[in-house]
Amino acid sequence: MARAAQGKAMTAALAIFVKTPGLSPVKTRLAVALGTDDATRFYRLAAAATAAVAQSCQPALTPYWAIAEAGPVAAAAWHGFAQVEQGEGALGERLDHVYTTLQARHGRVLLIGADAPQLTSAMLRAALAMLDDADKPFVLGDASDGGFWLFGGRAPLPKTIWCTVRYSQAHTASELRALLAPHGVVANAPMLTDVDNATDLPSLAHALAALLDPVSAQRTLHDWLHTTLDRTLLTGTYV
């Protein structure tokens, strides 16, 4: 029992929320501009870059794939990390399920998606360190569109918080921050742009180019974006 408690205190969880191409639609808004094949290719490259950054944070963080779909086909599509199913229901219910499951197992949990692949190990380590502050049980990283790219916590939360927030809105992060306030101070991680639309891609390409020490998968994504952006701009797919 003592050994389990010590492990819980020392090893935090990092859940990467993903959908499985071929089983669920991915990046549908991006596909309007780039086409389904390129949107899916972006998603796979972004997930690989996110995973590589997560891997570099071991053993301080234990990465998990938080998979949208149940069953062996989905499980077989995601390699390298432990897995947890997101469960049924709307996004709030799935966030609650993953957070509650991993918080009970690890104590401290970070939740991210795969659509802000310019994140760095330093950002994740800093977010985790914020949870060591006795006065700040939560951390939130705002996205430039009003959502959030990272949530972290070390305390249980009522399901109603996750299910009250209106997601994919301009004030999603501020709503979540307000709902969390009665439960403790929320620390702030850096703001990032997460990619939903083609207009987000130039910002991502710039952020990847500005990284001082990108992992190999981030360089691969940057090179692919450079080629894709050139092509789409030339053909007028989006501007």
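Points worth noting:
- Scope segment 182-219; condition within 17 Å of the chain's Cα centre (by Cα) and among the charged types (D, E, K, R); matching residues: Asp194, Asp196, Asp200
- Within segment 197-218, restricting attention to residues that are part of a loop (DSSP other than H, G, I, E, B) and hydrophobic (A, V, I, L, M, F, W, C), the residue that is nearest to Phe42 (Cα to Cα) is Val215.
- Top-ranked residue of segment 143-158 - restricted to ones that are in contact (Cβ under 8 Å) with a residue 40 or more places away in the chain and touching a Gly at 6+ places or on another chain (Cβ under 8 Å), ranked as farthest from Ala189 (Cα to Cα): Ala155
- Failed criterion for Leu221 (all others in (1) touching a Leu at 6+ places or on another chain (Cβ under 7 Å); (2) surrounded by fewer than 17 Cβ atoms within 10 Å (Cβ to Cβ) hold): (2)
- Flag for Ala173 being assigned to a helix (DSSP H, G or I), modelled with pLDDT of 95 or more and either within 24 Å of Leu128 (Cβ to Cβ) or within 18 Å of the chain's Cα centre (by Cα) (or both): yes
- Per the conditions (1) out of contact with any His (no Cβ under 8 Å at 6 or more places or on another chain); (2) in a helix (DSSP H, G or I); (3) over 28 Å from Ala60 (Cβ atoms), the sole criterion not satisfied by Arg105 is (3).
This table checks each residue for (1) touching a strand residue (DSSP E or B) at 6+ places or on another chain (Cβ under 7 Å); (2) crowded, with 17+ Cβ neighbours inside 10 Å; (3) farther than 16 Å from Phe81 by Cβ.
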{"site": "Val18", "(1), (2), (3)": "yes, yes, no"}
{"site": "Leu23", "(1), (2), (3)": "no, no, yes"}
{"site": "Gly35", "(1), (2), (3)": "no, no, yes"}
{"site": "Tyr43", "(1), (2), (3)": "yes, yes, yes"}
{"site": "Ala52", "(1), (2), (3)": "no, yes, no"}
{"site": "Gln55", "(1), (2), (3)": "yes, no, no"}
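- Segment 130-142, subset in a loop (DSSP other than H, G, I, E, B) and in contact with a Gly (Cβ under 9 Å, 6 or more places away or on another chain), residue surrounded by the fewest Cβ atoms within 10 Å (Cβ to Cβ): Asp135
- Segment 208-217, residues that are surrounded by fewer than 19 Cβ atoms within 10 Å (Cβ to Cβ) and either touching a Pro at 6+ places or on another chain (Cβ under 7 Å) or not acidic (Asp, Glu) (or both): Ala209, Ala210, Leu211, Leu212, Ser216
- Once segment 185-198 is narrowed to residues that are without any contact (Cβ under 8 Å) to a residue 60 or more places away in the chain and surrounded by fewer than 16 Cβ atoms within 10 Å (Cβ to Cβ), the residue that is farthest from Thr160 (Cα to Cα) is Met191.
The values are calculated or read from the model by the stated rules, or taken from the named source; none is laboratory data. Everything quoted here is computed from the prediction, not taken from an experiment. Because the Cβ atoms are built from the backbone with ideal geometry, glycine has one as well, and the counts that use them run over all protein chains shown.
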